[in-house]
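Following: one structure in structure tokens, then a few remarks.
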Ligand SMILES: Nc1nc2c(c(=O)[nH]1)N[C@H]1C(S)=C(S)[C@@H](COP(=O)(O)OP(=O)(O)OC[C@H]3O[C@@H](n4cnc5c(=O)[nH]c(N)nc54)[C@H](O)[C@@H]3O)O[C@H]1N2
Ligand SMILES: Nc1nc2c(c(=O)[nH]1)N[C@H]1C(S)=C(S)[C@@H](COP(=O)(O)OP(=O)(O)OC[C@H]3O[C@@H](n4cnc5c(=O)[nH]c(N)nc54)[C@H](O)[C@@H]3O)O[C@H]1N2
Ligand code: SF4
Ligand code: SF4
Ligand code: SF4
Ligand code: SF4
Ligand code: SF4
Ligand SMILES: [Mo]
């Protein structure tokens, strides 16, 4: 059984926002909706102060409150662990937004702009058209898909997921510090499992929410 | 008109992907760009086959395709019909034909060349890196004195390049991402996604996170300081004091320095008389060193154990090794004195010196590719933060002492020269540096004209341009003097003022001096041409505007050879059209692929084409079969083809570039760590400065020009810049830093990046320390009014934060927008 | 209809709403998902279910007047739920797709709500149908059950409708309480509060109708009102006193007791909206001739208090930081 997951080594992150932008150009998220914000916070007092970085995205929770809350069944958890929202089914109740402890869901107002004004983030994603959403549905929510279109494309074309750039989430591919690793958590000798082995066990965000995320962190400050 | 495009297959990602280069910032990452069925570029990924950035891109590169379909793009040549030039004054552009435009410019070029070619001001940032030999040949062919990087020249590498050439025969030095264990980051953002070789450095350093200590000395907790293990806040413009204090600790208290290296690879042992000059062999020119057994000997007499310290007598005169002079000199930089100048606690000064000295592993070696090499895993890097000040050359001369004294130049773990000086020498890479008669590295600076090196000093001459470069025997640039001369025309006996300017890919209005001063300067230039992709502040001041291309539409095989640092492999590659531009170009019937076509066309129309070809043959070292025949005419494509074949071999012409275009190679150990393999020496005692000063003083005397010469000293000092003495109410320094997700004016209109900044790092905010803010009743989010000592006023939103020195207002380089460049420069007045 | 104000950016384009004001910082963040519209339909659903049940429970349904043959109380109940439902649908991002809300009964409380609304309206509707008077005649009088549930068929329908009404009264609270995302919401206390408040409001409504229909109000009825209000008071105070330093809930409590909402919450919700009606209820139980007046006053206090309770509960919904640095735990 495959369970896709991401390990983020926060200690390596240099806060460059490449992931944030790569995600936008890949998924053409609605104007000013960011699926992969890099959180910054100050720590310490001058002169011993510093700035910390925390790359985030949807945690693709095993026990996903967004799925539980969704009346329409628009958000589903795939067998491979990817939690994905079907914007055509979504009715815009926003129950998922209230339920997600991580703010990983964005709502596109009916009056909102699907794409970024003045942007040529255009028609198609970088793998064949059928794989990713090009236009977001006003009145519906959108969220990180773990780049499911790339994963599926990779599998269909025999590319190694998490290794081949086209079979790996865009935010992972771009990361100059290589602090994001994507792979199969259920496979003991996958890249992610081995990394956790080495640096593990791996923390999760909002453990109190008991969502058992598949996005795991090491080296958190 | 057949189109010329990069091949859309054959790369690691399969069909639809074109290999090219990102040229948004100087890192020049190798990219693969995806073109969809509507001919829209919709994705950019790093080129995994390119060892320079190993398949990575940054936020800017990811969003790089923005602008291709920019509605505000300039698509046709334009001429202003409103004679009044100025900020916010509508130029009332009228479209004109390429013919008209080019003839008008060519005619002006001819007139100016006949009058005085020096009066052509050609400003461009990094055009040489992109178009290398061809751009250089154009400049030379037209008989221009060279080009001005302008803004870059005002405060980019002022105190970096000359010094790197002096001690490393390189354009600049960077730490060794694969071996350094201790990195002092002085006013530079190395290690973050700012600065150079970012992709290699970020990856290597994050991989070795736990065994590298990075210390960032910076008034602001910049993105690099945030990444570093320690942030050491410092009062702006005082670094030299801290550095010299550390040198004092190292060589006087801790007794840590690489004596072997100093004796054999530097001038540390050269004997110096009481006048500060070398003591040379009788009748000869060679400086002497002190041999413990045979007394004074020529430096190259093979003395086994030349004295570094002590006082000796040579022919009745007192003689000290340069190192001894330095030793005595830095005694005045006690930790307590340093603290009083820099606000860095005396204890920290001692600790940093100790950590640095111990991390240097003096005496240790490491085996690389089977060769035993010195292992010096500690180094210091400096950049804009130390450049953008008066006396900045003294900053550079101070800090180069740290790696030099530790023997950490171009050896594993140390400061590695990035030998851009070898542009053109792609295939026959020779890292040796020619030695001056004094035995010192004297490769000199590439470029010539209005850019130069430090050693050997140039002979002072009467100024031929407002840059007065001829009166700066050791400076890399003189650009800022143009502004001075424009403001006070007879301050220096009115050197010739430019009669025409060609601006290309630079936005001096926003990134150099105070806009109103730069505006007045440009207004005084009778004829201004700007080649640009979209309107920005500087282009709006032009008389004629020519449309340029987006980098994804360009054919520029001349992209600089990035010989990336340390263990990195060589990679040479260029930009090629990912999509074809719809813009009509300067040459009828020829697809428009690069601004160089404009330059060649201008040369043709001004009758200088043969000279350009000649220059090209020489500069690009063209072999007979590829030389350009001055009596012929070649299309840009033919020239690219010939240059490529000449450089990479007969099978690697234009077709190869378009279909593949990536040349990589392993580095020999000599290439990775050249220092042990050549003889020419680095310097720790800058005797040449005295000679430069004598010559300079003679000249300015003769010209009757009042000129500061007291910075020309053989051992560096810290000196207060004009901003150091703050007088109430102007009691704060304004400091400016770059951010990872912007590249000055290149990105300021990128919708993705500006929306992100809007949300994330609000670039319009100024950072102020809580202490300081409390005193003024300022809290985060307040609108604050800032006034500089020059009376410039600007309002901004305050961000009260622990991340900034209490005496400092920090601003972020918002893509050349806003007054940031200005406040940054004014508050720490610049001078090369 | 957009609840919390949606910002617009430098290009003037409206920003898509994220639950977080600022996705890029690590502060506790106030939810921006639901606001006024939800407070209104929460209240209406509560009333709708409640009035029906109270009417039946106190056996007043038949005595308090009719409209086209249908008991006024039931009419009020139907109207409240219908209007509440319309607001709910109108607030959806894609109202035309509202029917999909029935899809996920397995886990979604909103789906449960949707079904209970529907079932209640149909079953309760059927129940009263025989009574429907239409141009002098009763077209459905042939149907074999009596609207007041005094025969078997009638009783069954009444019970089904009653259960549906219970769910209608509760699910709004459950929607908030189910996920752990917002600690202040994530507690049984919230549905209990909503249920008690709905019940109290509903009793007040029924009493006022009694006044209008000038039916005598019994001491028992006043006691019921008082007890429900008092129960609400306990549920509220209890929730305020538990898990007070849980990240997120702490900030919510600050907002309620010290911050932005302290006057409205303590004054209007706790005091005037809950404690006072409880008190007045007991007074009314004791002093017979004050009952009419007090009922009207309690009605006003409870309805406004109930509405504000829901609105403020929504507004103090705060997400704790997604991560709490080790040195701050
Ligand atoms: N993302 C990004 N990367 C870039 C560029 C870009 O525009 N964007 N540009 C490229 C170019 S052209 C260059 S030259 C390099 C420049 O790269 P760097 O010079 O490494 O980066 P800057 O932010 O310009 O460096 C200025 C730093 O010095 C600090 N500083 C200012 N005054 C002082 C001082 O008196 N003392 C000390 N110790 N520090 C001081 C500032 O706070 C700031 O952190 O980056 C290159 N890379
Ligand atoms: N406040 C502040 N000022 C600084 C600095 C700083 O860090 N802060 N850094 C300094 C340094 S290190 C440097 S090197 C200088 C650099 O300053 P500049 O030399 O002015 O370089 P950029 O600001 O990158 O401006 C490049 C210009 O080229 C335009 N451009 C972009 N793409 C193209 C293209 O394809 N073709 C053409 N023709 N034009 C194009 C952009 O719109 C922009 O106007 O700035 C200096 N000024
Ligand atoms: S790309 Fe990587 S290094 Fe940059 S912010 Fe994202 S996670 Fe951090
Ligand atoms: S992070 Fe939020 S959106 Fe993502 S699966 Fe978990 S609950 Fe759902
Ligand atoms: S907003 Fe859409 S996805 Fe979210 S819960 Fe409602 S229906 Fe489901
Ligand atoms: S996995 Fe894909 S969708 Fe999710 S954040 Fe990364 S790039 Fe965006
Ligand atoms: S902008 Fe980014 S991707 Fe482009 S060259 Fe610079 S670092 Fe590389
Ligand atoms: Mo620069």
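Here are the numbers:
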read-out	value
Relative contact order [Cα under 8 Å, 6+ residues apart], region B:525-677, whole percent	20 percent
FRET efficiency estimate (nearest 0.05) - Cβ-Cβ, residue B:252 to residue B:318, R0 22 angstrom	0.60
Separation in nanometres of the label points that stand 7 Å from Cα toward Cβ, at residue B:100 and residue B:210	6.9 nm
Length-normalised contact order for chain B - Cα pairs under 8 Å, 6+ apart - percent	20 percent
Against the rule of thumb 2.2 N^0.38 Å, how large the Cα Rg of chain A comes out	0.99
Cα coordinate range in region B:157-234, projected on the principal axes (Å, largest first)	33, 28, 19
Average silhouette area of region B:688-738, convex hull of alpha-carbon atoms, in square nanometres	6.1 nm²
Cα-derived Rg to Rh of chain B, Kirkwood definition	0.95
Histogram of C-alpha separations across region B:488-646, 5 Å bin width, %	2, 8, 13, 15, 16, 16, 14, 10, 6, 3, 0
Antiparallel %, DSSP beta bridges [both residues in the protein assembly as shown], to 5	65 percent
Stokes-Einstein D (µm²/s) once Rh is taken as the Kirkwood radius of region C:189-231 over alpha-carbon pairs, at 10 °C in 1.306 mPa s	148 µm²/s
Semi-axis lengths (Å, descending) of the ellipsoid that matches the C-alpha gyration tensor of region C:177-329	36, 13, 12
Antiparallel bridge percentage (DSSP; both residues within chain B; nearest 5)	55 percent
Ellipsoid equivalent to region B:29-148 - semi-axes via the Cα gyration tensor, in Å	35, 23, 13
Distance histogram for region C:151-246 (every C-alpha pair counted, 5 angstrom bins, percent rounded to whole numbers)	3, 12, 16, 17, 16, 16, 10, 6, 3, 1, 0
Chain C - convex hull of alpha carbons, volume per residue in Å³	160 Å³
Angle between chain B longest axis and helix B:515-524 axis [Cα atoms, degrees, rounded to 10]	60 degrees
Equivalent ellipsoid semi-axes - Cα gyration tensor, region B:107-188, angstrom	35, 13, 11
For region B:640-771, the Rg and Dmax computed from alpha carbons only, in angstrom	26.0, 68
Enclosed volume per residue, in Å³, of the convex hull spanned by Cα atoms of the protein assembly as shown	203 Å³
Cα-derived Rg over Rh, computed across region A:141-213 with Rh taken as Kirkwood radius	0.99
Principal-axis tilt of helix B:346-359 within chain B, Cα atoms, nearest 10 degrees	80 degrees
Region B:590-639 - convex hull of alpha carbons, volume per residue in Å³	78 Å³
Stokes-Einstein D in µm²/s, Kirkwood radius over Cα pairs - region B:566-669 at 4 °C with 1.567 mPa s viscosity	85 µm²/s
Diffusion coefficient, µm² s⁻¹, Stokes-Einstein with Kirkwood Rh over alpha-carbon pairs of region C:40-150 at 20 °C and 1.002 mPa s	142 µm²/s
Reciprocal mean inverse distance between Cα atoms of region B:438-515 - Kirkwood radius, Å	14.0 Å
For region B:312-404, average projected area of the Cα convex hull in nm²	9.6 nm²
Computed FRET value (nearest 0.05) for residue C:290 with residue C:262, which takes r as the C-beta separation and R₀ as 25 Å	0.20
Percent RCO, i.e. relative contact order, over chain A, from Cα pairs under 8 Å lying at least 6 residues apart	32 percent
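We did not get these values from a lab; they are worked out from the coordinates using the rules stated. Fair warning: this is a prediction, and the values are worked out from it, not measured in the lab. Because the Cβ atoms are built from the backbone with ideal geometry, glycine has one as well, and the counts that use them run over all protein chains shown.
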